[in-house]
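Step one of this worksheet: look at the structure below.
The values are calculated or read from the model by the stated rules, or taken from the named source; none is laboratory data. In this text, all values refer to a predicted model and were calculated from it rather than measured experimentally. Every residue, glycine among them, receives a Cβ derived from its backbone with ideal geometry; neighbour counts consider all protein chains shown. We work out accessible area using only protein heavy atoms, side chains counted, and drop any ligands, DNA or RNA first. Shrake-Rupley method; radii C 1.70, N 1.55, O 1.52, S 1.80 Å.
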Amino acid sequence: MMQPQGPFCQSCAMPMEKPDMFGTNTDGSKSKVYCTYCFKDGNFTEPDISMQEMIDKCVTIMDQQKIMPGDQARDLMTKTIPTLKRWQ
């Protein structure tokens, strides 16, 4: 299984390779743990999303963007998402 290099979002597992990929805290500083899609102004963008919904959402995005085929993405996300800080 390939591990992403560098930091990755502790909510959706997206690798955060550029400064604009990091979410923002309430004071406007960059979050070191969450991406801009999951976390803005100190809050989760989807506070009520379940872990299963997050897995489904990530699989859809990865498949649509041709990052990896859906079945591979589902296998990876099913293993990865539950280990992330947000879902502990």
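Here each label is just a point 7 Å from Cα along the line to Cβ, and for Asp48 and Thr78 those points are 2.8 nm apart. A 1.4 Å probe, protein heavy atoms only, puts the accessible area of Ile67 near 100 Å². What the Kirkwood sum gives for the range 26-75 is a hydrodynamic radius of 12.2 Å, with every pair of different alpha carbons counted. Charging the Cβ of each Asp and Glu at -1 and of each Lys and Arg at +1, and nothing else, the dipole of the chain about its Cα centre rounds to 260 debye.
Only protein heavy atoms count here; on that basis, with a 1.4 Å probe, Thr83 has an accessible area of about 90 Å².
Residues whose amide H falls under 5 Å from that of Lys40, counting only those 5 or more places apart or on a different chain, are Thr24, Thr45, with hydrogens built in the peptide plane.
Coordinate range of the alpha-carbon atoms in the chain per principal axis, descending: 39, 27, 23 Å.
Helix 51-64 and the long axis of the chain differ in direction by around 70°, with both axes built from C-alpha atoms.
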